[in-house]
1. Restricting segment 1-45 to residues that are among the basic types (Lys, Arg) and part of a helix (DSSP H, G or I), which is surrounded by the fewest Cβ atoms within 10 Å (Cβ to Cβ)?
2. Output the residues belonging to segment 149-207 that are part of a loop (DSSP other than H, G, I, E, B), in contact (Cβ under 8 Å) with a residue 12 or more places away in the chain and surrounded by fewer than 16 Cβ atoms within 10 Å (Cβ to Cβ).
3. Scan segment 64-99 for residues that are closer than 30 Å to Ala251 by Cβ and assigned to a helix (DSSP H, G or I) and report the count.
4. Taking the options Ala7, Ala99, name whichever one is modelled with pLDDT under 90, small (Gly, Ala, Ser), out of contact with any Phe, Trp or Tyr (no Cβ under 6 Å at 6 or more places or on another chain) and closer than 30 Å to Thr158 by Cβ.
5. Would you check which residues across segment 111-139 are among the small types (Gly, Ala, Ser), modelled with pLDDT of 90 or more and either under 21 Å from Thr158 (Cα atoms) or not in a helix (DSSP H, G or I) (or both) and list them?
6. From the list Ile86, Ile48, exactly one residue is exposed (fewer than 10 other Cβ atoms within 10 Å of the Cβ) and either more than 23 Å from the chain's Cα centre (by Cα) or under 30 Å from Met192 (Cα atoms) (or both). Which is it?
Amino acid sequence: MRTGKKAREVRSLIIRYILIFIFGIPMVLPVLWMLSTALKDNAAIFVIPPQWIPKVFHWENFAEAVRQSKYLSRFGNTLFIAVLCIIGSVISNFMVGYALARFKFKGRKAWFYMIIGSMMIPGMTTVMPVFRFWVAMGCYGTWLPLILPAWLAGPFNTFLCKQFLSTIPRSYDEAAKIDGATYFQILGRVIMPLSKPLIAYMAIATFQGTWNDYMGPLLYVISKQEKWTLALGIARLGSGTYGIEWNIYMAADILYFLPILILFFCFQDYFMEGLGSMTASGVK
């Protein structure tokens, strides 16, 4: 029986990897084509039949992409915004989720339902009112409209925090109170160490969202090129005298998503653990 069971497990594993390979092809092929295009000269891109492996590798396209996109300065701008957004998102969402999960106060359910209900409002319907608000506040042309919203807690991350923290036994809080801990000490020394998967997930998701944000910089800093982010800069890249230089454009795109790829590979264990924790808390 053990031999039959082991054979079934092997067959199941083989089938699983075959399915992963089949469904992974449509995701990998565009990336490989981007890399192939980035290493060609512009004329070789339109050769029929297509050449997946360039006859001559033009590594200088990446250097040209860095120069044309002003990559280093805009990388610094984007990283600065992303780091502040991560800090603000983790702190604000965790505080609100902690209050909703651990404190009993009048109107708690009403506040929670309003937060959840706000996720059903289409984002595009709030673009103009929010834009006029920031203009009236004198923040147009600055990074404040891109950073401050992250410090005000978002509905989705607040929901995740509330659901996750609700699964942590309250006996930990009571034990800490007996030792004389305040609410902030309980939060910092008891709850947060137990919430590392949640924090890692929020940090990575916030970084990805901020890094890929195009609409925000387009609305608020389009008039000041020194404040452009990578998303905005690369979207404006590639227009040459005779059209778009696709090799330069693809090289810049690869350099653009490379930090996110590196971040995911470095912290994928935390990310997947966070996803698992979110699913478990949601089911419970």
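The values are calculated or read from the model by the stated rules, or taken from the named source; none is laboratory data. Because the structure is predicted, anything quoted here is derived from the model rather than measured. Because the Cβ atoms are built from the backbone with ideal geometry, glycine has one as well, and the counts that use them run over all protein chains shown.
1. Residues of segment 1-45 among the basic types (Lys, Arg): 2, 5-6, 8, 11, 16, 40.
Imposing the further condition that a residue be part of a helix (DSSP H, G or I) reduces the set to 2, 5-6, 8, 11, 16.
Numbers: Arg2: 6, Lys5: 9, Lys6: 10, Arg8: 10, Arg11: 10, Arg16: 10.
It comes out as Arg2.
2. The initial filter retains those residues of segment 149-207 that are part of a loop (DSSP other than H, G, I, E, B), namely 153-154, 166-170, 179-182, 195.
Adding the requirement that they be in contact (Cβ under 8 Å) with a residue 12 or more places away in the chain leaves 153-154, 166-168, 170, 195.
Listed by number, the residues that qualify are Ser166, Thr167, Arg170.
3. To start, the set of residues in segment 64-99 that are closer than 30 Å to Ala251 by Cβ comprises 64-86.
If we keep only those that are assigned to a helix (DSSP H, G or I) as well, we get 64-69, 71-86.
So the count comes out to 22.
4. Numbers: Ala7 fails: closer than 30 Å to Thr158 by Cβ.
The conditions single out Ala99.
5. Hit for segment 111-139 is Gly138, nothing else.
6. Details: Ile86 fails: exposed (fewer than 10 other Cβ atoms within 10 Å of the Cβ).
Answer to the check: Ile48.
For every residue, the table says whether it meets (1) among the hydrophobic types (A, V, I, L, M, F, W, C); (2) surrounded by 13 or more Cβ atoms within 10 Å (Cβ to Cβ); (3) farther than 20 Å from Thr210 by Cβ; (4) out of contact with any Asp or Glu (no Cβ under 9 Å at 6 or more places or on another chain).
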site	(1), (2), (3), (4)
Glu64	no, yes, yes, no
Tyr71	no, yes, no, yes
Leu79	yes, yes, no, yes
Ala99	yes, yes, yes, yes
Phe105	yes, no, yes, yes
Ala110	yes, no, yes, yes
Ile115	yes, yes, yes, yes
Ile121	yes, no, yes, yes
Val130	yes, yes, no, yes
